[in-house]
1. How much accessible area per residue does the range 78-226 have, counting only protein heavy atoms and a probe of 1.4 Å, in square angstrom?
2. Ordering ILE92, ILE42, ILE47 from largest to smallest accessible area (1.4 angstrom probe), what's the sequence?
3. State, as an integer percentage, the relative contact order of the range 70-174 based on alpha-carbon contacts under 8 Å between residues 6 or more apart.
4. At a 1.4 Å probe radius, carbon and sulfur cover how many percent of the accessible area of the chain?
5. Any of LYS35/LYS123; LYS5/LYS188; LYS18/LYS123; LYS115/LYS184 with alpha carbons more than 31 Å apart? Name them for me.
6. Residues of the range 2-76: accessible area per residue at 1.4 Å, in Å²?
7. Suppose R0 equals 35 Å; then what is the FRET efficiency for ASN225 and LYS64 from their Cβ-Cβ distance, rounded to the nearest 0.05?
8. Taking all pairs of distinct Cα atoms, average 1/r, flip it, and tell me the Kirkwood hydrodynamic radius of the range 1-153 in Å to one decimal place.
Amino acid sequence: MYKDKKILGIIPARSGSKGLKDKNIKPLLGEPLIKYTIDAAINSNMIDNIIVSTDSIKYANISKELGANVPFLREDYLSSDEAKTSDVIVDILEKVSENYDYFILLQPTSPLRNKKHIIEAIKLAVDSDCDSVVSVCESDHSPLIMNTLGEDLSLLNFIKSSNRRQDNEKFYRINGAIYISKVKHYKKTKDFYLKNSKAYIMDRRNSIDIDDILDFQIAEVIMKNK
């Protein structure tokens with residue numbers, strides 16, 4: 001809780017990862033990946049209830065041992081590759097018996113996001129009274145030097161701008177670490193990106209989002225050399 005605002009933590013942990021088998025519980029420095037997110041949520045002392053949403057009994061048992069709650073297993077239609085995160089969130093919001101002012105979605109694939117980031121993001125959301133907050137980080141490369149390629153591999157008009165504005169502008173990308181919203185707002189819109197939404201800026205080092213084995217190895221190296 002922060003400033004009398006009751007906050008629900010949601011950690012989505014589907015078991016059917018294709019790119020990296022059992023990604024959410026894969027050992028990272030000897031601990032299941034999901035542990036780093038559960039620990040950060042608990043240690044922030046800002047979240048009233050931490051729920052792991054999973055379709056796996058194995059994942060559920062691990063999450064409970066780590067201190068999270070798993071009041072129910074995710075239904076099959078919410079566990080497929082086509083399932084939308086927005087539907088998973090709304091399903092949880094409708095099933096919990098308590099009333100919450102905000103929820104914070106924390107993906108297990110961001111092990112370098114820590115309690116400090118969670119605290120700062122929640123404070124930004126509540127203090128500014130915005131409808132939602134999403135974490136971002138500075139982009140590695142400017143989108144002005146990116147484009148699609150045709151089958152002929154032609155570079156004609158590949159560069160979108162020739163005035164080198166990319167040397168002066170910063171571009172940001174969603175890093176997948178933190179999503180916060182007012183509960184009532186999200187039930188109505190299912191959208192984090194509206195007029196009264198704000199960005200919480202994280203550094204690139206803590207913004208690793210594990211999707212495949214290369215991301216996993218990068219996170220491992222960074223954490224070993226903290």
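1. Details: 8660 Å² over 149 residues.
Normalised by residue count, the accessible surface of the range 78-226 is 58 Å².
2. Reading off the accessible areas and sorting them downward yields ILE42, ILE47, ILE92.
3. It comes to 20 percent, rounded to a whole number.
4. On the chain, the fraction of accessible area on carbon and sulfur atoms equals 48 percent.
5. LYS18/LYS123
6. Value returned for the range 2-76: 46 Å² of accessible area per residue.
7. 0.65
8. About 16.9 Å for the range 1-153.
The values are calculated or read from the model by the stated rules, or taken from the named source; none is laboratory data. Since the structure is predicted, the reported quantities are computational estimates derived from the model, not experimental observations. For neighbour counting, all protein chains shown are included, and Cβ atoms are generated from backbone atoms with ideal geometry for every residue, glycine included. Just so you know, the surface numbers come from the protein's heavy atoms only, side chains and all, with ligands and any DNA or RNA stripped out. Shrake-Rupley method; radii C 1.70, N 1.55, O 1.52, S 1.80 Å.
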